[in-house]
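*Asks:* Before we start, here is the structure in question, set down as structure tokens.
The values are calculated or read from the model by the stated rules, or taken from the named source; none is laboratory data. In this text the structure is predicted, and so the values were computed from the model without any measurement. FYI the Cβ positions are ideal-geometry reconstructions off the backbone, even for glycines, and counts take in every protein chain you see. Side chains included, ligands, DNA and RNA excluded: accessible areas come from the protein's heavy atoms. Shrake-Rupley method; radii C 1.70, N 1.55, O 1.52, S 1.80 Å.
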Amino acid sequence: MTFLTRAAAVAALLLVSQFALAEDRPIPVLTGRVVDETGSLTAGQKSSLEAKLQEFEQHKGSQIAVLITGTTFPEPIESYSIRVAEGWKIGRKGVNDGIVVVIAKSDRAMRLEVGYGLEGAIPDAMARRLIQEVFIPGFSKGDFYEGLDAGIDRLIKVI
């Protein structure tokens, strides 16, 4: 084995060991219906979304929670959002009618984690369409409140 081959093998081993040692990001504490770790929303915007989600929950019973985080690294948003949904236990027990909206700003990724009780109303294809057609246009302009407000309105109508 040449020196360069050995050096490449050692570098590859170090890289793999770094990923193996990387721990999953901790799930933030559920402090309200909207958890904004990035400061993307003003206090007024957050309060407005919280009030809308509270009114929906009181009227329908289903729950929607929002998490805005910087990144889900080292894991993909799909597995991170499942852990958040399981940790936060959004939705009524036995009905499992909750949705967790997870936005990873730096990763430019978003996911709707839909409980089993709402999968008939919001199947995966519809969730993807809502993200692309309703949430993302506001985000693309840098206005996270606009995207969230429009997206939550649409989720409420669909449910």
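Yes/no per residue for (1) open to solvent by 50 Å² or more (accessible area, probe 1.4 Å); (2) touching a residue at least 40 places away in the same chain (Cβ under 8 Å); (3) farther than 23 Å from Val158 by Cα; (4) aliphatic (A, V, I, L, M):
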position: Leu49; (1), (2), (3), (4): no, yes, no, yes
position: Glu55; (1), (2), (3), (4): yes, no, no, no
position: Lys60; (1), (2), (3), (4): yes, yes, no, no
position: Thr71; (1), (2), (3), (4): no, yes, yes, no
position: Arg92; (1), (2), (3), (4): yes, no, no, no
position: Gly98; (1), (2), (3), (4): no, no, no, no
position: Val101; (1), (2), (3), (4): no, yes, no, yes
position: Gly120; (1), (2), (3), (4): yes, no, no, no
position: Ala127; (1), (2), (3), (4): no, no, no, yes
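*Asks:* Something else about it: For Ile131, state whether it is modelled with pLDDT of 95 or more and crowded, with 17+ Cβ neighbours inside 10 Å.
*Replies:* Against the criterion (modelled with pLDDT of 95 or more and crowded, with 17+ Cβ neighbours inside 10 Å), Ile131 qualifies.
*Asks:* Using the structure shown, decide if Ile156 is crowded, with 16+ Cβ neighbours inside 10 Å and part of a loop (DSSP other than H, G, I, E, B).
*Replies:* Spelling it out, it is not the case that Ile156 is crowded, with 16+ Cβ neighbours inside 10 Å and part of a loop (DSSP other than H, G, I, E, B).
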